[in-house]
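Student: Structure in C-alpha cells, see below.
The values are calculated or read from the model by the stated rules, or taken from the named source; none is laboratory data. These numbers come from a predicted model, not from an experiment. Because the Cβ atoms are built from the backbone with ideal geometry, glycine has one as well, and the counts that use them run over all protein chains shown. Remember, those area values only see protein heavy atoms, side chains included, never the ligands or the DNA or RNA. Shrake-Rupley method; radii C 1.70, N 1.55, O 1.52, S 1.80 Å.
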Amino acid sequence: MGTIGTESAFEVSARARALEAQGHSIIHLQIGEPDFDTPANVRAAAKRALDEGATHYAPFAGIPALREAIAADVGMRKGFAADPSQVFVTVGGKGVMLYAILGLVDPGDEVIVPDPGYPIYESLTRFVGATPIPIPIRMEHEFRLDVNELASLITPRTRLLVLNSPANPTGGVLTRSDVEHIAELAQRHDLWVLADEIYGRILYDGAEHVSIASLPGMADRTIVLDGFSKTFAMTGWRLGYAVVPKSLIPTYAQLIINTISCAPTFAQVGAVEALVGPQDDVDAMVVEFKARRDLIVAGLNEIPGIRCATPVGAFYVFPSIAETGFSGADLAERLLQEAGVCVLAGTAFGGIGTEHVRISYANSRENLTEALGRIRTFLAEAGHG
C-alpha cells in the first residue's frame, strides 16, 4: 500500500466541500466531470431497463448489445475493425488501466507514462512493482510528447507505453505524424501500448483524433481505453470499456471475473442508447465547451503572470503561473483558501507541472467569469504578477 498513489481531484474536492459547509463560496474548477446531465434518452433507456427487470448479473464481459454497439462505433469513429469478442465493459476506465498493467507488467519492468498525465498510470505501475518512466509533455511543444525524447527513454526493460490523446491535464492532442512515429517505435521495440482515448470526441478547431490502433500492425499490440463518462456526461454511471487484441481476451476475462464480476446491467442498457441513439447532446456539449475554452484562455492570458496555451481537446487548461512568483501547489492552496477558487496543482499530474495549475472549464460561463475575476483580484492583492 505504501507504493500506491492517489487522485488529487477527489481529495481536493472533499476539502472544498468542507469549506462550503462552513459557509464559504467556492467555484469548483478541479474535477474532470462535465457539468451537464446525462442525455434524457439515455436516462430513459436505463429506467425502462430497470422496470423490465435488468437487475441481475450481466455476462462478465458486458451485455451482447453493448459489446456489438461498441465494436461498431470503434469501426466508425476509431478506424479499425474490432470483433465484439475483443470488447470488455468495465466499471469505469480505471479498470481498463488496472487490467492492462496487472496483465502485462511484471516487477522490474518499465512503463512509460506522460508527465504531466493522469496520476493513476504511475500509481498502478508502482503498485505492481514496476518503474514508471515519465515522458515530458511540455507547453512549448504544444503539450505533445517529443518523439525523439520518447525514443531515448526506451530500454530493454520497457514493457508498456501509455498514451493519452486528447490529454488530461493539458488538452494536448497528438498529430497523425506523432502517432505514426510512436507506432513505429512500439513495433521496433516490441512494446504494448495502452491508448487512453476517453476524450476522443471532445475536440476543437477541426482537430483530428487518430487512434494508434488504426495504424498498420498496431491493433495487435494496443489496448484501447474509452468509456461513457466524458462524452456522454455519465461519470456516475461508472462505465468504461476496453478493446483488446485477441491475444489478451483470456487475460481480461480472467481479471474481470476476479474483480468486478460484471458492470451494472441496467447501466449497460443505457450505454447502448448512448452509442446508437441521437448524438445531438454530445455535439451541443462540445460546442459549449469550446465557448468556455475560449473564455477561460482569453481571461487567463489577460492576468499578469499567467500564460495559457489554447487546448485542442478535452476540457482542461494547464497554464504556466511561473511569472506570478507562486508555485502551482502554493497558488492552488491560496486560491482555495483566500479566493474561493478550487483548482489543482500541476504537480498532481507529475513533476513537469511544478509551475502550472490545472483548471477544468466544465463549469458555466458565469462561474468561469467569476473565477477569473477572483484570480485576478487575488494576484493583484498578493502583489504578484
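Student: Assess whether residue 193 counts as being farther than 23 Å from residue 90 by Cβ, modelled with pLDDT of 95 or more and open to solvent by less than 20 Å² (accessible area, probe 1.4 Å).
Tutor: no
Student: Which residue is least open to solvent (accessible area, probe 1.4 Å), if the candidates are limited to region 178-190 and must be at negative phi and not aliphatic (A, V, I, L, M)?
Tutor: Here the residue is 178.
Student: Here's another thing I want to ask about it. Considering every residue within region 344-354, establish whether at least one is surrounded by fewer than 23 Cβ atoms within 10 Å (Cβ to Cβ), over 19 Å from the mean Cα position of the chain (by Cα) and of a type in the set (A, V, I, L, M).
Tutor: No; the residues of region 344-354 include none that is surrounded by fewer than 23 Cβ atoms within 10 Å (Cβ to Cβ), over 19 Å from the mean Cα position of the chain (by Cα) and of a type in the set (A, V, I, L, M).
Student: Could I ask something else about it? Considering only residues of region 1-20 that are over 17 Å from the mean Cα position of the chain (by Cα) and open to solvent by 90 Å² or more (accessible area, probe 1.4 Å), which is farthest from residue 102 (Cα to Cα)?
Tutor: Restricting to residues being over 17 Å from the mean Cα position of the chain (by Cα) and open to solvent by 90 Å² or more (accessible area, probe 1.4 Å), the top hit is 17.
Student: Then there is this: Could you list, ordered by first residue, the pairs with Cβ atoms under 6 Å in which the first is in region 57-86 and within 15 Å of residue 224 (Cβ to Cβ) and touching a residue at least 12 places away in the same chain (Cβ under 8 Å) and the second is open to solvent by less than 10 Å² (accessible area, probe 1.4 Å) and hydroxyl-bearing (Ser, Thr, Tyr), at least 6 apart or interchain?
Tutor: Short answer, once both residue conditions are applied: 70/241; 78/211.
Student: Please verify whether residue 352 is at pLDDT below 95, in contact with a strand residue (DSSP E or B) (Cβ under 7 Å, 6 or more places away or on another chain) and not small (Gly, Ala, Ser), treating the condition exactly as stated.
Tutor: yes
Student: Can you tell me which of 75, 117, 129, 95 is closer than 25 Å to residue 354 by Cα and at pLDDT 95 or above?
Tutor: Only one candidate passes the filter, namely 117.
Student: Also: Can residue 175 be described as open to solvent by 20 Å² or more (accessible area, probe 1.4 Å), over 21 Å from the mean Cα position of the chain (by Cα) and of a type in the set (Val, Ile, Thr)?
Tutor: No; evaluated as a whole, the condition is false for this residue.
Student: Identify the residue in region 23-63 that is under 21 Å from residue 92 (Cβ atoms) and not in a loop (DSSP other than H, G, I, E, B) and, among all such residues, is modelled with the lowest pLDDT.
Tutor: This residue is 28.
Student: Criterion first (under 24 Å from residue 71 (Cβ atoms) and open to solvent by 10 Å² or more (accessible area, probe 1.4 Å)) does residue 308 satisfy it?
Tutor: no
Student: Scan 281, 294 and give me the residue that is over 30 Å from residue 140 (Cα atoms), under 24 Å from the mean Cα position of the chain (by Cα) and among the acidic types (Asp, Glu).
Tutor: Answer to the check: 281.
Student: Out of the residues in region 358-385 that are touching a Ser or Thr at 6+ places or on another chain (Cβ under 9 Å) and not in a helix (DSSP H, G or I), which is least open to solvent (accessible area, probe 1.4 Å)?
Tutor: Residue satisfying both the conditions and the ranking: 358.
Student: Would it be correct to say that residue 276 is crowded, with 21+ Cβ neighbours inside 10 Å and in contact (Cβ under 8 Å) with a residue 12 or more places away in the chain?
Tutor: The answer is no for residue 276.
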